[in-house]
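A quick write-up on the structure given underneath.
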Amino acid sequence: MSKLILASGSKVRATLLAGAGLDFSVRDSGVDEDAVKRLFRGPVDEAGTDALALELAMAKAAAVSHGEHDAFVIGADQILSCEDMRFDKPRDMDEARANLLKFRGRTHILHSGVVLARAGMVLWSFSDRARLTMRDFSDGFLDTYLARLGEKVKTSVGCYQLEGPGIQLFEKIEGDYFTILGLPLLPLLAELRRQGVALA
């Protein structure tokens, strides 16, 4: 089997790949995500945000695969959009609270992009969206939620993990579970099998 590398420091993505039974290593891409976002010229709509998520994923995969010519490299990224605004991971608890108040009672979109690269060339790319509607939770619930999770809310762009207390923020979820976690896993596994990286 060919060598497989995940160009991401995301523990969730690594857990998903390990859970699928893949043998891989992890390399930090070192990509300046803010610089990629500043240089991106696409529109601030759903299609443009899909394209930006893929642009970030491609940058990560290409950066690692340039130095690992014989390896297949997975790059992935996720962006949250809500009413034509894009959101990054909160920098502190105050920003997490402000973001959750913006999402409250509204539908936001998670745009997840994944690419497979080798020797600096992108071999395959895929993007997907999930739509999540937060319920109109009370201020008291929000206070309790933030106190319970603490600094963990800063580890995800939406300030939640669905596999934990974050599920209580929602009234409706539409989309693939793995896309929500930031790695459209089924299409990726199909491509890895097609490339001979995973058993068919």
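Couple of notes before you dig in:
- Residue among S125, S138 that is over 17 Å from E83 (Cβ atoms), of a type in the set (S, T, Y), more than 16 Å from the chain's Cα centre (by Cα) and at pLDDT 95 or above: S138
Every residue, every condition in (1) hydrophobic (A, V, I, L, M, F, W, C); (2) more than 22 Å from D50 (Cβ to Cβ); (3) in contact (Cβ under 8 Å) with a residue 12 or more places away in the chain; (4) surrounded by 21 or more Cβ atoms within 10 Å (Cβ to Cβ), yes or no:
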site	(1), (2), (3), (4)
L110	yes, no, yes, yes
K154	no, yes, yes, no
G164	no, yes, yes, no
K172	no, no, yes, no
V197	yes, yes, yes, yes
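- Qualifying positions in the range 1-56 - touching a helix residue (DSSP H, G or I) at 6+ places or on another chain (Cβ under 8 Å), outside any helix (DSSP H, G or I) and charged (D, E, K, R): R27
- Identity of the residue in the range 71-107, part of a loop (DSSP other than H, G, I, E, B), closer than 28 Å to D28 by Cα and charged (D, E, K, R), that ends up modelled with the lowest pLDDT: D88
- Considering residues of the range 1-18 that are surrounded by 12 or more Cβ atoms within 10 Å (Cβ to Cβ) and more than 20 Å from S156 (Cβ to Cβ) only, the residue farthest from the chain's Cα centre (by Cα): S2
- Within the range 114-165, considering residues that are in a helix (DSSP H, G or I) and among the aliphatic types (A, V, I, L, M), the one nearest to K11 (Cα to Cα): V153
- Scan of the range 27-36 for residues that are more than 22 Å from K152 (Cα to Cα) and touching a strand residue (DSSP E or B) at 6+ places or on another chain (Cβ under 8 Å), ordered by number: R27, S29
- Qualifying residue in the range 55-68 (condition: closer than 30 Å to M134 by Cα and surrounded by fewer than 16 Cβ atoms within 10 Å (Cβ to Cβ)): no
- Filter pass, G21 being in contact with an Asp or Glu (Cβ under 6 Å, 6 or more places away or on another chain), of a type outside the set (F, W, Y) and surrounded by fewer than 19 Cβ atoms within 10 Å (Cβ to Cβ): no
The values are calculated or read from the model by the stated rules, or taken from the named source; none is laboratory data. No experiment lies behind these values; they were computed from the predicted model shown. Quick reminder, even Gly has a Cβ in these numbers, built from the backbone with ideal geometry, and neighbours come from all protein chains shown.
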